[in-house]
1. Looking at region 102-118 only, could you name the residues that are over 14 Å from residue 240 (Cβ atoms), in a loop (DSSP other than H, G, I, E, B) and of a type outside the set (Val, Ile, Thr)?
2. Would region 276-284 turn up any residue that is assigned to a loop (DSSP other than H, G, I, E, B), more than 26 Å from residue 419 (Cβ to Cβ) and among the aromatic types (Phe, Trp, Tyr)?
3. Looking only at region 258-268, decide whether some residue is among the basic types (Lys, Arg), over 24 Å from residue 175 (Cβ atoms) and in a strand (DSSP E or B).
4. Looking at 239, 226, can you tell me which residue is touching a residue at least 12 places away in the same chain (Cβ under 8 Å) and in contact with a helix residue (DSSP H, G or I) (Cβ under 8 Å, 6 or more places away or on another chain)?
5. Could you list all residues from region 285-317 that are modelled with pLDDT under 90 and surrounded by fewer than 17 Cβ atoms within 10 Å (Cβ to Cβ)?
6. Among the residues in region 335-348, are any surrounded by fewer than 20 Cβ atoms within 10 Å (Cβ to Cβ) and in a strand (DSSP E or B)?
7. Give the residues of region 124-172 that are of a type outside the set (Gly, Ala, Ser), under 13 Å from the mean Cα position of the chain (by Cα) and within 22 Å of residue 87 (Cβ to Cβ), sorted by residue number.
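The values are calculated or read from the model by the stated rules, or taken from the named source; none is laboratory data. As the structure is a computational prediction, the values presented were derived from the model and not from experiment. All Cβ positions, glycine included, derive from the backbone under ideal geometry; neighbour counts span all protein chains shown.
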Amino acid sequence: MQYPAGFGGTCSASILRPDWLPQLKGESGGPPLQPRIARITRMGRTEFLLLQTALMARGPFASFAQFAAKNLIERGLSLHGIRWGVNLPVNPPILPMLAKRLGELPVDRTCLFEPKWDGFRALVFRDGDEILIQSRDEKSLNRYFPELLVPLQSQLPARCVLDGEIVIARNGGLDFQALQLRIHPAASRVRLLSQEIPASIVFFDLLCDGDRDLRGTPFQRRRQELESLLSSAAPPIHLTPATTEASVAADWFRRFEGAGLDGVIAKPISGSYEPNKRVMFKVKHERDCDCVVAGFRWHKKGERTAVGSLLLGLFDNTGALQHVGVCASFTQVNRRELAEYLGPYRKDALAAHPWKHWAEAGSAIGEAEHRMPGGQSRWSQGKDLSWEPLRPELVVEVAYDHMQGRRFRHTAQFRRWRTDKKPSDCTYSQLEVVPPQELSAIFASSR
């Protein structure tokens, strides 16, 4: 495909597999083009990437990528085909259906219950030889989980779309930390991990089969078709267990946490599949814990007058204060009140601070469970993670769902200040230890 000359020569676009990214090449004279990736805003329902030139022969042309996208549309080309390489009744990108939190399980029989898996949400599109594993934020996960591509192609129907969760099972339970290691820029590293610690995928919904769009079909019927479709599935492909009995779901809620599951999902049996809408329900574990407040981060919009999050610590059995996570989700009024409340504890905070060496180092050190509070990682994506130390004299009660190693798996929730507790009382020993539960027992429930 040709674009008009005048920007350092004529440019052409071609599709590169397996990433489906158009490549722009300079032709017929002029200085060489220097490409870089640029995101194009949504056009209709599709979002895609183009390579944008940074050097033009006749001056800057900031909207070159937009021009290229406009040219694609004017020539009548399929944006879906360019980005994804599939042509189904349900085409990517599709945002997954979401769940809102409940305090307890529904007791009527209008819902189907499933374990809540703790992994990477994934929508799988298959159209003949084409397989796309799409993440929750509409990105391809193919390169990060190469070991899933052949099983998906051999076990799924020729044309289908399924919703599920990618997980890694180790030592009888789920290992989210091992899963995070997969999002790595080095293909060699990903390939090695895929061989040493292979992933699995657990399916729990069916959006499309053949030429049928099933999103409007009641979930109970979609589940029946999914069970039939996966009746002979073999690892690493699994079907999630499901039940209409609230007592069984309550038993799962108690027992399956030991295998690393995140709670229970309740889906209305008459519900359609509604992308990006919270029409399902989730019940998650919640526990209390007293933590030392050893620092905080400013809120990004507070101009250093509002607190964004509190940095939490627990003492290990050697007496060292370990960073275990953060608590956040304050109102704007609370953020400003916190900034004032914490002010006196900032004075001389670094002098004898247990994390002094982290603050002075200015970069991440150690393993994930000993990570510096302000350190960058692949997950921070350049965000400002600088932090302000506090004298470790304050104790706060927070709510959390479960631990990932020696850290809170998710952001903890502020409950109250504990002025009656000493910081030295904030140890790992107060945390509830959940008995392990083998994943094999969970998968046995789906048969």
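1. Within region 102-118, 102, 103, 104, 105, 106, 108, 109 meet the criteria.
2. no
3. Yes - at least one qualifying residue is present in region 258-268.
4. 239
5. Result: 286, 287, 288, 300, 301, 302, 303, 304, 305.
6. Looking through region 335-348, none of the residues is surrounded by fewer than 20 Cβ atoms within 10 Å (Cβ to Cβ) and in a strand (DSSP E or B).
7. Across region 124-172, the qualifying residues are 134, 138, 139, 141.
Yes/no matrix, rows are residues, columns are (1) in contact (Cβ under 8 Å) with a residue 40 or more places away in the chain; (2) out of contact with any strand residue (DSSP E or B) (no Cβ under 7 Å at 6 or more places or on another chain):
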| residue | (1), (2) |
| --- | --- |
| 124 | yes, no |
| 138 | yes, yes |
| 141 | no, no |
| 144 | yes, yes |
| 165 | yes, no |
| 169 | yes, no |
